[in-house]
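Take a look at the structure below.
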Amino acid sequence: MSVPTYLYGAAHREGRTLATIRRQLGYFTPNSPGEQWRGASDASSLPVPPDAGPTTPSRSKGVVAIGATAWVDNYNLPVHTADVAAARRIARAVSERGGGLRSVQAMGLAHGEGVAEVACNLLDPATVGAEQVQERVRQLAAEQGLAVGEGYFTDFSQEKIVELYMQICNQLKQRLPSSDM
């Protein structure tokens, strides 16, 4: 499969971040009603040359980003408002880049009818975890007169993956015939 390939983290010679690639490719620039990004409007050219593969993407395959980084938790919080700009203000304030919590990246998105979302990458979940992000987003939303729902992980947390792995190992161990040695 021949696909334009972008590298990030330890896989990239300069350690470029995934967020940098996404910014360069326009992923964070709204291009549809509702202030959302709905995919590249012109898939025939790329604003930044890929690290490998063809320089022209196909509509059916797009591009791929491959990286090597430390564990990242993806934690999203619903904000009960249709005002995406409000969610973006909260996201900016909670993110390290905006002067907020260390090792947190965040962006505000439309999430459905009357709901926006603050989508967060917790780059060092052992230092700043979901509970701290939940509380800070709740405070920031309250300052704007908004309510925040319970956040959720978009995938399993690191701890949950280890727990599931151990369960599988124990199940496999129980299935093995015992030895009387």
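Nothing in this text is a laboratory measurement; each read-out follows from the coordinates by a stated rule. In this text, all values refer to a predicted model and were calculated from it rather than measured experimentally. For neighbour counting, all protein chains shown are included, and Cβ atoms are generated from backbone atoms with ideal geometry for every residue, glycine included.
Annotations for the structure displayed:
- Tensor-based shape of the chain (alpha-carbon gyration tensor, a/c under 1.5 rounded, otherwise prolate or oblate): oblate
- Estimated dipole of the chain in Debye, rounded to 20 [Cβ of Lys and Arg +1, of Asp and Glu -1, Cα centre]: 520
- Of GLY98, GLY67, GLY145, the one that fluctuates the most in a GNM where the chain has Cα springs shorter than 10 Å: GLY145
- Of the GluC sites (Glu not before Pro) in segment 73-159, those whose Cβ has at most 12 other Cβ within 10 Å and which sit in DSSP loop: GLU113, GLU150
- Calculated mean residue ellipticity, 222 nm, the chain: -9000 deg cm²/dmol, from DSSP H runs (n ≥ 4) at -39500 (n - 2.57) each, averaged per residue and rounded to 500.
- Net lengthening on full extension, ASP83/ARG102 (0.36 nm per residue, minus Cα-Cα): 4.3 nm
- Of the DSSP H helices in the chain, those that are both long (alpha-carbon extent of 18 Å or more along the helix axis) and hydrophobic (Kyte-Doolittle mean at least -1.0) are 130-143, 158-175.
- Listed residues ARG59, ARG22, ARG88, most fluctuating in the chain (Gaussian network, C-alpha, under 10 Å): ARG59
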